[in-house]
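Here is the structure we will look at, set down as structure tokens.
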Amino acid sequence: MGTDKAEIDVGGMRMIDRVVDAVSDATQVIVVGPPRRTARPVVWLREDPPGGGPLPAVLAGLSVVTAPFVAVVAVDMPLFERATIEALRAAVGDHDAAVLVDVEERIQPLAAFHRTERLRA
């Protein structure tokens, strides 16, 4: 894409701020990637190796999670909002996780709500 997706403005709000806002009621908000300005305070971490992709990023974030549940959300979801995370949270129920499925019925693992210990396992 040639640009920092987190900084792209969508509807008057940068994508990074949309995602951070969607999880703003979380005990911890951990963002994995190069630090940048955000509208709300977050904990910044880097994956190993930097730029290594989603799996190293999730592992880095999990290393400091203390809550029993964790939301995994990619920054490049321009319409992600609080209602989406609330729906995922409600859908977990007795399951280990709830994962967003798009309109083409593709599983979106970077839009999910997990039991932390099961995700670590």
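Say we look at the range 1-51 and pick out the residues that are exposed (fewer than 13 other Cβ atoms within 10 Å of the Cβ) and basic (Lys, Arg); which of these is nearest to Arg82 (Cα to Cα)?
Arg40
Report yes if some residue within the range 65-81 is among the polar types (S, T, N, Q) and under 22 Å from Glu7 (Cα atoms); otherwise report no.
no
Among the residues of the range 64-84, are any over 14 Å from the mean Cα position of the chain (by Cα), open to solvent by 60 Å² or more (accessible area, probe 1.4 Å) and not aliphatic (A, V, I, L, M)?
Yes: one or more hits.
Can you name the number of the only condition in (1) modelled with pLDDT of 95 or more; (2) touching a strand residue (DSSP E or B) at 6+ places or on another chain (Cβ under 8 Å) that Glu105 fails?
(2)
If His95 satisfies every condition in (1) part of a loop (DSSP other than H, G, I, E, B); (2) touching a residue at least 24 places away in the same chain (Cβ under 8 Å); (3) open to solvent by 60 Å² or more (accessible area, probe 1.4 Å); (4) not acidic (Asp, Glu) but one, which is the exception?
Here His95 clears every test but (2).
Across the range 52-74, which residue is farthest from Ile85 (Cα to Cα) among those that are of a type outside the set (A, V, I, L, M, F, W, C) and free of Cβ contacts under 8 Å to residues at least 24 places away in the same chain?
Gly52
The values are calculated or read from the model by the stated rules, or taken from the named source; none is laboratory data. Note that the coordinates shown come from a computational prediction; the quantities given were computed from them, not determined experimentally. Virtual Cβ from ideal backbone geometry, glycine too; neighbours counted across all protein chains shown. Accessible surface areas use protein heavy atoms only, side chains included; no ligands, DNA or RNA. Shrake-Rupley method; radii C 1.70, N 1.55, O 1.52, S 1.80 Å.
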